[in-house]
1. List every residue pair whose Cβ atoms sit under 7 Å apart, with the two residues 6 or more apart in sequence or on different chains, where the first one lies in region 32-51 and is more than 16 Å from residue 283 (Cβ to Cβ) and the second, anywhere, is in a helix (DSSP H, G or I).
2. Can you pull out every residue in region 234-261 that is farther than 11 Å from residue 19 by Cα, in a helix (DSSP H, G or I) and in contact (Cβ under 8 Å) with a residue 60 or more places away in the chain?
3. Taking residue 43, is it under 27 Å from residue 251 (Cα atoms), under 15 Å from the mean Cα position of the chain (by Cα), at pLDDT 90 or above and buried (at least 17 other Cβ atoms within 10 Å of the Cβ)?
4. Determine whether residue 277 is of a type in the set (A, V, I, L, M, F, W, C), touching a helix residue (DSSP H, G or I) at 6+ places or on another chain (Cβ under 8 Å) and under 18 Å from residue 14 (Cα atoms).
5. For region 111-199, give me every one of the helices (runs of 4 or more DSSP H) that falls completely inside it and has 2 or more residues that are modelled with pLDDT of 90 or more.
6. Which one is surrounded by the fewest Cβ atoms within 10 Å (Cβ to Cβ), of the residues in region 229-284 that are within 22 Å of residue 136 (Cβ to Cβ) and of a type in the set (S, T, N, Q)?
7. Among the numbered criteria (1) farther than 30 Å from residue 121 by Cβ; (2) touching a helix residue (DSSP H, G or I) at 6+ places or on another chain (Cβ under 9 Å); (3) surrounded by fewer than 18 Cβ atoms within 10 Å (Cβ to Cβ), which single criterion is violated by residue 6?
8. Filtering region 20-40 down to residues that are surrounded by 18 or more Cβ atoms within 10 Å (Cβ to Cβ) and among the aliphatic types (A, V, I, L, M), which residue is nearest to residue 238 (Cα to Cα)?
Amino acid sequence: MKKQHLFFILKLLLTTALLLAVMNYVDLTDVWERIRAINPLWLIASLACLALGYMLCGLRWAWIAEGLGIHVSKRRKVKLYFLGMFASLFLPSTIGGDVIRGVLLAKTEGRKGMGVSAGASVILDRVNGMYALLLLLTIAMFFFDWSLVWWMSWLGVVIAAWAGMLFYPLIDKHLMGRLPEKLEKLKSLPLMERSFQKMWWRSLPVSFLFQVLVVQAHVFLGMAVGLEMSWPAFSIMVGLVALMATLPVSLNGFGVREAGYVSFAVYFGASGDAATAMAALWIIVLGVASLPGAWVLWQMGGINSVRGNQK
């Protein structure tokens, strides 16, 4: 059995186990009644937040790619971003959304010489968003009483992350000089040039606004199903679940996301049934918001065409 098939089976088993655990914990009848009783306007509001957030992320990626010397229209980068989101949610996990948009961006530029920069733009786009998420989570945590051990551990991670970014010039001098031959091309990335630094710092506020929009989208869904939590509590729940869902242990984050929502909702004294209903609606919102990516995929010739580009 191939490793990728084994990993797929393990992910499927964990995803199934987590979803079954959630369904066994909550009252599915109550969950369904909450979903049936929603006001569609809350769904529309949530969808608007996420769609706007995706467009901002496309703009952020365009800026970062431009800082790396990849000059493609912002419109195309936004389209590729939506394609990546659609792929991450609906296509097989072997066709990663980030991989797709990175490869297609490189193809746009004529494969030769642009693969490293295109791949780096995708990774740095994610890293930029991660810094904004850490900032939002840290702000939200100040609204609650946490143990000293938790605070020391969390702030240690956050301070280390931000120190690594701020003092990167010093790290870069030693790191790049010790790269193995296979990674020699990374030395060509203009990470220390003013053009890239300008785009990087310009992107951080956009990343922060995106994280705020994602939380607000969840708040709207929570209001629709009666999930009574404060905005900071929503921020912690959404942010930490987002971090957990990035781990490659389940199928596209399913199971981890739903179990995380229920666990954090119960921790904050809210209803697990309401959290499950919100999680179900969030999948719908994610799906609808990523539909422009399906149109982009169709324009490019479908899944087989994308697989061909990956080779």
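1. Close Cβ pairs (under 7 Å, with a partner that is in a helix (DSSP H, G or I)) amount to 39/224; 45/220.
2. Once the filter is applied, which keeps residues that are farther than 11 Å from residue 19 by Cα, in a helix (DSSP H, G or I) and in contact (Cβ under 8 Å) with a residue 60 or more places away in the chain, region 234-261 yields 235, 236, 239, 240, 242, 243.
3. Here the answer is no, as residue 43 does not meet what is asked.
4. no
5. Values: elements: 115-141, 148-166, 168-175.
In region 111-199, 115-141, 148-166 are the helices (runs of 4 or more DSSP H) which contain 2 or more residues that are modelled with pLDDT of 90 or more.
6. Looking at the filtered set, the residue picked out is 246.
7. Of (1) farther than 30 Å from residue 121 by Cβ; (2) touching a helix residue (DSSP H, G or I) at 6+ places or on another chain (Cβ under 9 Å); (3) surrounded by fewer than 18 Cβ atoms within 10 Å (Cβ to Cβ), only one is false for residue 6: (2).
8. Ranking the candidates gives 22 first.
The values are calculated or read from the model by the stated rules, or taken from the named source; none is laboratory data. These figures come from a predicted structure and were not determined experimentally. Don't worry about glycine lacking a Cβ; one is built from the backbone with ideal geometry, like all the others, and counts go over all protein chains shown.
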